[in-house]
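Student: Let me give you the structure first, and then I'll get to my questions.
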Amino acid sequence: MTTLKHLIREVPDFPKPGILFYDITTLLKDADGLRDTIDAFKEHYAGVHIDVVLGVEARGFIFAPVLAYALGAGFVPVRKPKKLPSLCTSVSYDLEYGSDTLQIHTDAIAPGSRVLIVDDLLATGGTAKAVTQLVELLGGKVVGLGFMVELTFLGGREKLDGYDIYSLLQYDK
């Protein structure tokens, strides 16, 4: 995994001063890095019964469908409001400065479905927690949450107590 960290570009002061942004686009363009990422997720979840892999807009869409294919599962997108064309279930959640809303098609997860949630980043945990609520509102069971990067110093894992959390790369600062 150390090799993968070297493929991630660190951009200081983005999107605002004082923030160090971990840019995964440099990893994504590297064929070996992308393959190693998907293989690591696949290896971790091999043997776990998963009906659907749920990807969170927008960068979760990069990993989730490919992983769903590799695991023999379906893919379900979670989007911002007014992006999905059919009847949706929504959850609003607090951000550091304001709030946001996520939506999923109401028929996207059958009751009892085993769902793996995948996103690029676990930071404060607000988005991930909102997505677990969407899955559970529809009667699904969250069998895990997988992240490319975890910013451990922001404590997002604490908001997800009781869930199986897997992150490929951790950053302490």
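Student: Which members of the range 40-73 meet the condition of being closer than 17 Å to residue 4 by Cβ and under 16 Å from the mean Cα position of the chain (by Cα)?
Tutor: Selection gives 40, 41, 42, 44, 59, 62, 63, 66, 67.
Student: Ok, one more. Has the range 80-89 got at least one residue that is part of a strand (DSSP E or B), out of contact with any Asp or Glu (no Cβ under 7 Å at 6 or more places or on another chain) and among the hydroxyl-bearing types (Ser, Thr, Tyr)? Let's see the steps before the verdict.
Tutor: Residues of the range 80-89 that are part of a strand (DSSP E or B), as a first pass: 88-89.
Checking which are out of contact with any Asp or Glu (no Cβ under 7 Å at 6 or more places or on another chain) leaves us with 88-89.
This time we only want the ones that are among the hydroxyl-bearing types (Ser, Thr, Tyr), so: 89.
The answer is yes, given that some residue of the range 80-89 is part of a strand (DSSP E or B), out of contact with any Asp or Glu (no Cβ under 7 Å at 6 or more places or on another chain) and among the hydroxyl-bearing types (Ser, Thr, Tyr).
Student: Is it true that some residue in the range 92-107 is closer than 23 Å to residue 24 by Cα and at pLDDT 95 or above?
Tutor: yes
Student: So, one more: Name every residue in the range 77-117 that is of a type in the set (Val, Ile, Thr), farther than 17 Å from residue 45 by Cα and in contact (Cβ under 8 Å) with a residue 24 or more places away in the chain, in order of residue number.
Tutor: Within the range 77-117, the first condition is being of a type in the set (Val, Ile, Thr), and the residues that meet it are 78, 89, 91, 101, 104, 106, 109, 115, 117.
Among the residues that remain, those that are also farther than 17 Å from residue 45 by Cα are: 78, 89, 91, 101, 104, 106, 109.
Passing the criteria: 78, 89, 91, 104, 106, 109.
Student: Further, regarding this structure: Every residue in the range 1-59 that is within 30 Å of residue 109 (Cα to Cα), touching a Pro at 6+ places or on another chain (Cβ under 9 Å) and either aliphatic (A, V, I, L, M) or part of a loop (DSSP other than H, G, I, E, B) (or both), please.
Tutor: 53, 54, 56, 57
Student: Would you mind stating whether residue 52 is crowded, with 17+ Cβ neighbours inside 10 Å, within 15 Å of residue 146 (Cα to Cα), at pLDDT 95 or above and β-branched (Val, Ile, Thr)? Steps first, answer last, please.
Tutor: Details: crowded, with 17+ Cβ neighbours inside 10 Å: yes; within 15 Å of residue 146 (Cα to Cα): yes; at pLDDT 95 or above: yes; β-branched (Val, Ile, Thr): yes.
Judged against the criteria, residue 52 is a match.
Student: Name the residues in the range 12-34 that are among the hydrophobic types (A, V, I, L, M, F, W, C) and touching a helix residue (DSSP H, G or I) at 6+ places or on another chain (Cβ under 7 Å), would you? Working first, answer last.
Tutor: Let us first name the residues in the range 12-34 that are among the hydrophobic types (A, V, I, L, M, F, W, C), namely 14, 19-21, 24, 27-28, 31, 34.
Scanning the range 12-34 gives 27, 28, 34.
Student: Another one. Just for the range 116-166: of the residues that are among the polar types (S, T, N, Q) and buried (at least 21 other Cβ atoms within 10 Å of the Cβ), which one is farthest from residue 71 (Cα to Cα)?
Tutor: Residues of the range 116-166 among the polar types (S, T, N, Q): 124, 127, 132-133, 152.
Checking the rest, the ones that are also buried (at least 21 other Cβ atoms within 10 Å of the Cβ) come to 127, 132.
On the way: 127: 24, 132: 20 Å.
The extreme case among them is 127.
The values are calculated or read from the model by the stated rules, or taken from the named source; none is laboratory data. Just so we're clear, the structure is a prediction, and the values are computed from it rather than from any experiment. Cβ atoms come from the backbone with ideal geometry, glycine included; neighbour counts cover every protein chain shown.
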